[in-house]
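One structure is given below, encoded as structure tokens.
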Amino acid sequence: MARNTVQFQKGLSEPEFERQFGTEEQCRAAVIGSRWPEGFVCPECGGRQHSLVKTRALFQCSARRRQTSLIARTIFAATKLSLRTWFRAIHHMTQTKQGISSIELGRRRDVTQNTAWKVKPGLNRS
Ligand SMILES: [Zn+2]
């Protein structure tokens, strides 16, 4: 039987995951890189000049002062969880073939089941 490349792809080990995405800032950088691979671009005017406001949660366009949230219109906007919590949940959910239940996710990540349950539908929507 042919090997399924998805099934056999190498996972990210726990230590390696922590090294790459262990801090909120690292997760933030990953989202920024994914959303704006060439750096921030204002969705309104296309400008690149910007400043960061409100503890860096918002990008403010220098031309028209329009503010853009990093997580607006992404799955991460669905809850008030930190990006770090999201990334950890995603990592755990993608490390097994069968996925992971919200109860198991909560147990592993030491978060309430309610929180885990909020994260899961967010992922299923994407
Ligand atoms: Zn702009």
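The values are calculated or read from the model by the stated rules, or taken from the named source; none is laboratory data. Predicted model, so just to flag it, every value in this text is computed and none were measured. Every residue, glycine as well, gets a Cβ built from its backbone with ideal geometry; the counts of neighbours run over all protein chains shown.
Collect the residues in region 18-54 that are aromatic (F, W, Y) and either within 14 Å of the ligand (Cβ to nearest atom) or in a strand (DSSP E or B) (or both), keeping them in residue-number order.
W36, F40
In region 71-83, which residues are touching a helix residue (DSSP H, G or I) at 6+ places or on another chain (Cβ under 6 Å) and assigned to a loop (DSSP other than H, G, I, E, B)?
Those that are touching a helix residue (DSSP H, G or I) at 6+ places or on another chain (Cβ under 6 Å) and assigned to a loop (DSSP other than H, G, I, E, B): I71, T79, S82.
Being assigned to a loop (DSSP other than H, G, I, E, B), modelled with pLDDT of 80 or more, of a type in the set (G, A, S) and surrounded by fewer than 15 Cβ atoms within 10 Å (Cβ to Cβ): is that true of A63 here?
Against the criterion (assigned to a loop (DSSP other than H, G, I, E, B), modelled with pLDDT of 80 or more, of a type in the set (G, A, S) and surrounded by fewer than 15 Cβ atoms within 10 Å (Cβ to Cβ)), A63 qualifies.
For G11, all conditions in the list (1) part of a loop (DSSP other than H, G, I, E, B); (2) on the phi < 0 side of the Ramachandran plot; (3) within 16 Å of the ligand (Cβ to nearest atom) hold save one; what is the number of the exception?
Among (1) part of a loop (DSSP other than H, G, I, E, B); (2) on the phi < 0 side of the Ramachandran plot; (3) within 16 Å of the ligand (Cβ to nearest atom), the lone unmet condition for G11 is (3).
Out of (1) over 12 Å from the mean Cα position of the chain (by Cα); (2) within 16 Å of the ligand (Cβ to nearest atom); (3) within 30 Å of E14 (Cα to Cα), the odd one out for A57 is which?
Result: A57 fails condition (2) only.
If you check A89 against the conditions, is it surrounded by 17 or more Cβ atoms within 10 Å (Cβ to Cβ), aliphatic (A, V, I, L, M), away from the ligand (no atom under 16 Å from the Cβ) and under 16 Å from the mean Cα position of the chain (by Cα)?
Here the answer is yes, as A89 does meet what is asked.
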